[in-house]
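The values are calculated or read from the model by the stated rules, or taken from the named source; none is laboratory data. Because the structure is a prediction, the values reported are computed rather than measured. As a convention, Cβ positions derive from the backbone with ideal geometry for all residues, glycine included, and neighbour counts pool all protein chains shown. Just the protein is used for accessible areas: all its heavy atoms, side chains included, with ligands, DNA and RNA removed. Shrake-Rupley method; radii C 1.70, N 1.55, O 1.52, S 1.80 Å.
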Amino acid sequence: MGRRADKDVTITCEEVIAHVFEYLDGEIDAPRRSHIERHLEGCRACSSRTAFEKALRAGVRRRGVTEAPEARRGRLGAVLDRF
Amino acid sequence: MTKDAAGAFFRAEVERLMDRLYGTALRLTCNRADAEDLVSETVTKAWAGFSQLSDRKSFPKWIFRILVNTFISERRRARPESIEDMSLSDEESFSLFEKLHQPFLLWWSNPEQELINKLLREDIEQALSGLQEGYRTVLILVEVNGCSYAEAADILGLPVGTVRSRLNRARSMLQRMLWKQAQAAGLIAPTRDEEPTNG
């Protein structure tokens with residue numbers, strides 16, 4: 001950590017890791033995104049970290065969906081029957 | 001759009017989104033009965049305000065916003081401290097990746113990916129449930145429902161900077177809980193500094 005990726009001398013590993021979630025959340029501006037992406041192309045450690053956080057984030061997102069079979073048959077079904 | 005057509009559209013959209021609505025409600029409330037109540041109240045409120053929705057394409061975001069706002073209003077009424085005034089955790093930031101990553105194994109082993117593959121729905125659900133409500137809510141808004149930080153800030157009535165810091169803390173706490181659960185389940189060995197000492 002701390003070294004600069006070969007292809008980009010403007011952003012360090014620490015800076016990439018500090019902004020990895022904002023990067024994955026789409027919350028950084030285009031120039032910084034571009035710097036991070038260039039860094040990731042040349043830095044295996046940061047690209048592994050980013051891939052890990054992305055996979056974990058996707059796992060959490062998938063768990064946000066839960067089938068509601070009992071609910072459909074019960075109260076929620078009754079609510080929907082009004083429309 | 002006639003009233004019948006509006007009703008048909010509304011019903012079709014709610015049915016299409018039902019599992020996500022219920023899933024979000026369950027993550028927020030951590031209780032099946034409360035989740036059903038929350039979705040039921042959300043659908044009722046959404047129908048009451050449906051005629052005001054000018055852009056039908058924004059229906060999913062609109063109804064999720066109603067769901068989260070309904071949850072927050074209810075919590076503010078029941079427990080005023082739960083969303084806004086939670087104590088800030090002093091815990092250091094925690095990274096599962098840094099715990100698992102072993103650079104010397106980089107070319108023939110990937111313990112980080114292996115752990116993600118082993119984590120079950122229950123592991124993540126349990127970790128989410130273990131978060132304080134204020135942290136869990138912001139994580140669900142952004143990570144599960146795909147809200148921007150500004151949208152989450154608007155819904156929660158918080159500055160964007162607070163959303164960002166709560167989100168970072170929520171992720172850190174979630175990863176720490178997943179680490180502990182994975183150790184307890186034997187998915188990973190304790191690290192040297194965590195091994196129990198004798199005497």
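Name, by its number, the condition in (1) modelled with pLDDT under 90; (2) surrounded by 12 or more Cβ atoms within 10 Å (Cβ to Cβ); (3) aromatic (Phe, Trp, Tyr) that does not hold for B:Phe50.
So the condition that B:Phe50 fails would be (1).
Would you confirm whether any residue within segment B:161-174 is hydroxyl-bearing (Ser, Thr, Tyr), free of Cβ contacts under 8 Å to residues at least 40 places away in the same chain, more than 10 Å from chain A (Cβ to nearest Cβ) and in contact with a helix residue (DSSP H, G or I) (Cβ under 8 Å, 6 or more places away or on another chain)?
yes
Taking B:Gly157, is it over 21 Å from B:Gly23 (Cα atoms), more than 9 Å from chain A (Cβ to nearest Cβ) and modelled with pLDDT of 90 or more?
no
Within the set of pairs 6+ apart or on separate chains, which have a first residue in segment B:1-16 that is within 15 Å of B:Gly49 (Cβ to Cβ), a second that is at pLDDT below 85, and C-beta atoms under 6 Å apart?
Sorted first by the residue in segment B:1-16, then by its partner, the pairs are B:Gly7/A:Phe83; B:Phe10/A:Phe83.
Return the residues of segment B:18-63 that are more than 9 Å from chain A (Cβ to nearest Cβ) and either among the polar types (S, T, N, Q) or not in a helix (DSSP H, G or I) (or both); say none if nothing qualifies.
Correct list: B:Thr29, B:Cys30, B:Asn31, B:Thr42, B:Ser51, B:Gln52, B:Leu53, B:Ser54, B:Asp55, B:Ser58.
Can you tell me how many residues in segment B:175-188 are aliphatic (A, V, I, L, M) and out of contact with any Lys or Arg (no Cβ under 9 Å at 6 or more places or on another chain)?
Final tally of qualifying residues: 3.
Within segment B:161-179, how many residues are open to solvent by 30 Å² or more (accessible area, probe 1.4 Å) and among the basic types (Lys, Arg)?
3
Keeping to segment B:168-185, report how many residues are more than 15 Å from B:Gly130 (Cα to Cα) and in a helix (DSSP H, G or I).
Number of matching residues: 3.
Please work out if B:Arg65 is closer than 30 Å to B:Gln126 by Cα and surrounded by fewer than 19 Cβ atoms within 10 Å (Cβ to Cβ).
Judged against the criteria, B:Arg65 is not a match.
With segment A:40-83 as the region, which helices (runs of 4 or more DSSP H) entirely inside it contain at least 1 residues that are closer than 17 Å to B:Glu41 by Cβ and either at pLDDT 70 or above or at the interface with chain B (Cβ under 7 Å from one of its Cβ atoms) (or both)?
Qualifying helices (runs of 4 or more DSSP H): A:69-73, A:75-80.
Yes or no: B:Ala182 touching a Phe, Trp or Tyr at 6+ places or on another chain (Cβ under 9 Å), modelled with pLDDT of 80 or more and open to solvent by less than 10 Å² (accessible area, probe 1.4 Å)?
no
Conditions first: (1) assigned to a helix (DSSP H, G or I); (2) modelled with pLDDT under 90. B:Ser87 passes all but one, so which condition is the exception?
(1)
Please enumerate the residues belonging to segment B:1-17 that are open to solvent by 50 Å² or more (accessible area, probe 1.4 Å) and either of a type in the set (Val, Ile, Thr) or part of a helix (DSSP H, G or I) (or both).
B:Thr2, B:Lys3, B:Asp4, B:Ala8, B:Phe9, B:Arg11, B:Ala12, B:Glu15, B:Arg16
Which ones in segment A:3-30 are at pLDDT 90 or above, open to solvent by 30 Å² or more (accessible area, probe 1.4 Å) and more than 14 Å from chain B (Cβ to nearest Cβ)?
Passing the criteria: A:Glu15, A:Ala30.
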